[in-house]
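The values are calculated or read from the model by the stated rules, or taken from the named source; none is laboratory data. Small disclaimer: the values here were computed from a predicted structure and weren't measured. These accessible areas exclude ligands, DNA and RNA; they are computed on the full protein's heavy atoms, side chains included. Shrake-Rupley method; radii C 1.70, N 1.55, O 1.52, S 1.80 Å.
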Amino acid sequence: MTPLAGLGRACVLAVVAAAVTAFALTRFGAPVHWAVLCALPAGGVALLVARLPRATDVVWSPPPAHVAGATTTQASALAGRLAEAAVDQDRFATRVQPRLRRLAEARLRQRHGIPDVHDPRAAGVLGPELHRLLTDPTAPLPEPAELVDLLEEL
């Protein structure tokens, strides 16, 4: 953003503001040295104000192509959590794995009548890789393609 005035104009404005302030103070009876001393801050404020960026600059940017809905927000949040979990095993164990486990348990209850992933029947239904991913606290986050395949099985 551009400032309200260039450096030269801002300096001229500051000097004029200081001179007017000093003149006004001397007209009201202040000694000259006090009038000059009090005029310096007025000149400094005028200089700062003249160098401020324009608050009324219009930013001409096109509107977004589509409005982001809740699904887009949730997908980006999930992508961020998965990216963090791929780097940090503790984040995977505390943030991603419990959510995947709840999803799997809901699916197991709906389709197979199995109450949770720790039921012995769950390992047979889920498969060994997915069951380990959901139950083993040391299980690493698989590669994205492999994770998609495991979630497809679910």
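Total residues in the stretch 100-123 satisfying the condition of being open to solvent by 70 Å² or more (accessible area, probe 1.4 Å) and in a helix (DSSP H, G or I): the figure is 9.
Tell me yes or no: at least one residue of the stretch 95-117 is farther than 14 Å from Leu151 by Cα and at pLDDT below 85. Checked against the condition, which is being farther than 14 Å from Leu151 by Cα and at pLDDT below 85, the stretch 95-117 yields at least one hit. Kindly check whether there is at least one residue in the stretch 59-71 that is open to solvent by 90 Å² or more (accessible area, probe 1.4 Å), at pLDDT below 80 and under 30 Å from Val12 (Cα atoms). Looking for residues that are open to solvent by 90 Å² or more (accessible area, probe 1.4 Å), at pLDDT below 80 and under 30 Å from Val12 (Cα atoms), one finds at least one in the stretch 59-71, hence yes.
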